[in-house]
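A quick write-up on the structure given underneath.
The values are calculated or read from the model by the stated rules, or taken from the named source; none is laboratory data. Quick caveat, the model's predicted, so the values are computed rather than measured. Counting neighbours? That spans all protein chains shown, and the Cβs are built from the backbone with ideal geometry, glycine included. Areas reflect the complete protein model, heavy atoms only, side chains present, ligands, DNA and RNA absent. Shrake-Rupley method; radii C 1.70, N 1.55, O 1.52, S 1.80 Å.
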Amino acid sequence: MATKLLKAPLKLALIQLSSGADKAANLARARSKVLEATSQGANLVVLPECFNSPYGTKYFPKYAETLLPSPPTTEQSPSWHALADMAKEGKTYLVGGSIPEYWPETNKYYNTSLVFGPEGKLLATHRKVHLFDIDIPGKITFRESEVLSPGNKVTIVDLPEYGKIGVAICYDIRFPELATIAARKGAFLLLYPGAFNLTTGALHWELQARARAMDNQVYVGLCSPARDMEADYNAWGHSMIVDPNAGIMAQLEEKEDVVYADLETGRIEETRKGIPIYTQRRFDVYPDVSEHYEA
Ligand SMILES: NC(=O)CCC(=O)C(=O)O
């Protein structure tokens, strides 16, 4: 029998973390929530975008950490070490949301996600590829590119017991090519730490999650910070997990909480058998976006 994309049942947990200005307090809170999730049996835990700081261009330089040499020292990157320790303590795979990263050689900042394995080893790094630059008059203007530089790769991480996952950050979800490349390279799950807001969250959060699942017939998880109406940026919340048929498995409200779902082997194959878009593509009519990507 052909191997399934998801090789073993997996409990996924998304932590809709409430964080504030105190980085050490944010890291301690993240640790307690990660361990709460692993005590419930989670094998893969996800934190939100900018989980260790407020979200906003003025905060990126203040909270940025340097990730080289690898591993960095605790002074260079307390978050790197906190995440590695959480993963090891909870014996879990951990997608560490994202943190602002500073790259001294080029004097550039990035919005970066660190992925750790159950032994506390760094497995992958994803720098947000598409920067959140939008202007909806009277509603929201935001320009990450005033401070940040974009990453330049698709991130696919192999979790040996389970299979491959695609990791990207927030606004990246609006660019379906990243998702399609990861899925065509064998990912069973696409994860997006992300902080939509009250305008775009209401418009598109659920739609984006379900669309990426539907297009690619894979599981999708979106992990938001909890909403804080005292903060400069009000996150949408509503962290959610979607199945390969684009059905919502579980979704939170806006408060701090953890959302879980049991991902089953065979669901992707069953979905693709029923609606076989996966084998019906017409690469003689349009290009395969994954063709030139080396996993
Ligand atoms: N942090 C982000 O990238 C926000 C993206 C967002 O709100 C959107 O609508 O897209």
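Listing for the model above:
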{"read-out": "Size of electric dipole in segment 10-274: Cβ of Lys, Arg +1 and of Asp, Glu -1, about Cα centre, debye, nearest 20", "value": "440"}
{"read-out": "Over the chain: helical MRE at 222 nm, DSSP H runs n ≥ 4 each giving -39500 (n - 2.57), nearest 500", "value": "-6000 deg cm²/dmol"}
{"read-out": "The chain, relative contact order [Cα under 8 Å, separation at least 6], %", "value": "20"}
{"read-out": "Amide N of segment 17-51 lying under 11 Å from the label point, which is placed 7 angstrom from the Cα of residue 260 along Cα→Cβ", "value": "36-43"}
{"read-out": "Cross-link pairs 4/121; 23/255; 4/153; 23/58 - those with Cα-Cα distance over 18 Å", "value": "4/121; 23/255; 4/153"}
{"read-out": "Net charge over other residues, Cβ less than 11 angstrom from the Cβ of residue 72 (K, R count +1; D, E count -1)", "value": "-3"}
{"read-out": "Whole-number D in µm²/s for the chain (Stokes-Einstein; Kirkwood sum over Cα pairs; 20 °C, 1.002 mPa s)", "value": "113"}
{"read-out": "Phi-based couplings in Hz for segment 21-27 (Karplus 6.51, -1.76, 1.60; Gly and Pro marked x)", "value": "7, 8, 4, 4, 5, 5, 5"}
{"read-out": "Residue 226 long-range amide H proximity, modeled H, under 5 Å", "value": "17, 18, 19"}
{"read-out": "Partner aspartates and glutamates for residue 62 [C-alpha distance under 12 Å; skip if fewer than 8 residues away on the same chain]", "value": "22, 101"}
{"read-out": "Under DSSP loop assignment and at most 12 Cβ neighbours within 10 Å, longest GluC sites (Glu not before Pro)-free interval of the chain", "value": "1-74"}
{"read-out": "Overall Cα dimensions of segment 138-221 - principal axes, largest extent first, Å", "value": "46, 27, 20"}
{"read-out": "Nonlocal amide H pairs with residue 190, under 5 Å, H built at 1.01 Å", "value": "166, 219, 220, 221"}
{"read-out": "Carbon and sulfur %, accessible surface of segment 10-274 computed with the full protein complex present, 1.4 Å", "value": "49"}
{"read-out": "DSSP beta bridges in the chain [antiparallel fraction, %, rounded to 5]", "value": "65"}
{"read-out": "The chain - accessible surface per residue (Å², probe 1.4 Å)", "value": "44"}
